[in-house]
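Below you'll find the structure, written out as structure tokens, and then a few comments.
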Amino acid sequence: MERNLKNVLVISFGFLLLFTAYGGLQSLQSSLHSEEGLGVASLSVLYAALILSSMFLPPVLIKKLGCKWTIAGSMCCYIAFSLGNFYASWYTLIPTSVILGLGGAPLWSAKCTYLTIAGNSYAEKAGKNGKDIINQYFGVFFLIFQSSGIWGNLISSLIFSQASNKVEISEENLACCGAYDCMTDTTNTTGSAGPSNSLIYTLLGIYTASGVLAVLLIVMFLDQIKSDQAETEKEILETPSFWSTFLATFQHLKDKRQCLLIPLTMYSGFEQGFLSGDYTKTYVTCALGIHYVGYVMICFSAVNSLCSLLFGKISQFTGRKLLFALATVTNTACIIALLLWKPHPKQIAVFFVFPALWGLSDAVWQTQTNGLYGVLFEKHTEAAFANYRLWESCGFVIAFGYSTKLQVYIKLYILLSVLVLSMVTYGVVEYLEAKSSPGTPTATKKENVGPVTQETHM
């Protein structure tokens, strides 16, 4: 096997193992640690730390440690979060969430840098176009990585399905599920009744082992960047000082198109935060039990991955406006339906319809918003994508931050309001673009922007 491709596969399977654990844990936080909102508070803190990390840490760590050891070290931050879940309290989960958030941005930046160097290196030897090889490498990476959402959630559901303390959920308790929840600890009053400690420890043990295997895979099998590639690495990392990068991020807000895209970018964080923080707890765990959370999130991950691939292909034919319209209609219908629907165990299929439709919409928000940033800000991609990471992470922080303070129907109204505002401001951006360049097609260009923006998905 060609050496660079071997390194790509090592990184890909390392991330698969790591995010099998993290993805499963993230989906369970609101249900597993519902006391005083500990689970969602930890996620809010995590994304706040990610914002700070994105601004300052990646260039420093990669220059000091190199890509390989930055990846390995950052993966250890994720393992710390798994360990913090063993004895979940404000004194263990919050600090380990901060650690994970700080490690998130260097991990993804080092991965992007490594794959870029590997792609350019192979292209130079083979006499091929560097961008084509880099795109191929990122394609291989995301093909393998995206399946982590399936495996992590499958493990959690299979383990929690072994619980022997399932009880029949009374109609009185079911009344506390859904949009008009009772603002009580529904996970302890319904059929979930909390899985036993032995099952929780088994799950966390598997997740921790998966993270440790990821680190060992990187340490043992990932090659250091060779000395003749050091110059390439230096060029990639020779960015302005991080204060300059920090200032450039906010100076980019002078572009009114960037300001108009803030609601759309934040909405991406809001809608993902609602699905993983509120839908899993107030609808799924409340009415069916915690062992169904994994299956429901598998449905979301599978549809999301397939639709991301599909929309990436067809956007050149449909244009982005049609896809944004599709996502808006789908998400709006879901929000209205969630306001009206009273979840009941007899309607199991419905619990899977919502995440499937949500996955379809999220695929549009991710692929098309990323593409939009790449097209609009082609000459300032670094500052533009720093803004993307910043505002999407802010959406996550706010969504998880108010998760325990408001009833679900209020959150759904907020979600709907932000969506409407997003589409209005997005429409203004499209109008400005059409006005500034009449006759220029606005369909999304094929840009290599996907890998950069995956950082906010942790």
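Taking θ as phi - 60° and the Karplus parameters 6.51, -1.76 and 1.60, the scalar couplings of the range 123-136 work out to 4, 5, 5, 8, x, 10, 6, x, 5, 5, 5, 4, 4, 5 Hz in sequence order, x denoting glycine and proline.
Taking 0.36 nm per residue of separation and subtracting the Cα-Cα distance, full extension of the segment from ILE314 to SER436 would add 41.4 nm. The modelled label-to-label distance for the pair SER89/ALA325, using points 7 Å beyond Cα in the direction of Cβ, is 5.7 nm. Here the translational diffusion coefficient of the chain follows from Stokes-Einstein with Rh set to the Kirkwood radius across Cα pairs; for 10 °C and 1.306 mPa s it amounts to 70 µm²/s. Once the C-beta distance of ALA349 and GLU172 is scaled by a Förster radius of 25 Å, the resulting FRET efficiency is 0.55 to the nearest 0.05.
For chymotrypsin sites (Phe, Trp or Tyr not before Pro), the sites in the range 17-100 that DSSP calls loop and that have at most 10 other Cβ atoms within 10 Å are TYR87, TYR91. Once the other residues with Cβ under 14 Å from the Cβ of LEU406 are scored (Lys, Arg +1; Asp, Glu -1), what is the net sum? Here the count lands on +1. Atom-type composition of the exposed protein surface of the chain places 66 percent of the accessible area on carbon and sulfur (1.4 angstrom probe).
Positive end of the dipole of the chain (Cβ unit charges, origin at the Cα centre): among GLY127, GLY178, LEU338, the Cα lying farthest that way belongs to GLY127.
Find the centroid of the Cα atoms in the range 349-396 and in the range 77-100, then give the distance between the two in whole Å. Comparing the Cα centres of the range 349-396 and the range 77-100, I get a distance of 27 Å. Largest first, the three principal axis extents of the alpha carbons in the range 288-395 are 54, 30, 24 Å in whole numbers. Considering only GluC sites (Glu not before Pro) in DSSP loops that have at most 11 other Cβ atoms within 10 Å, the longest stretch of the chain without any of them is 239-458. The Rg/Rh ratio for the range 248-436, using Cα coordinates for both the radius of gyration and the Kirkwood hydrodynamic radius, is 0.99. For the chain, the Cβ-based charge dipole about the Cα centre amounts to some 720 debye (Lys, Arg positive; Asp, Glu negative; other atoms uncharged).
The C-alpha radius of gyration of the range 1-52, expressed as a fraction of 2.2 N^0.38 Å, stands at 1.62. Each Lys and Arg Cβ is given +1 and each Asp and Glu Cβ -1; about its Cα centre, the range 248-436 then shows a dipole of about 220 debye. Using 0.36 nm per residue and subtracting the Cα-Cα separation, the extra length available between ASN197 and ALA126 on full extension is 20.1 nm.
The values are calculated or read from the model by the stated rules, or taken from the named source; none is laboratory data. Computed from a predicted structure; not experimentally measured. Methodologically, a virtual Cβ is constructed for each residue, glycine included, from the backbone with ideal geometry; neighbour enumeration extends over all protein chains shown. Heavy atoms of the whole protein, side chains included, go into the accessibility calculation; ligands, DNA and RNA do not. Shrake-Rupley method; radii C 1.70, N 1.55, O 1.52, S 1.80 Å.
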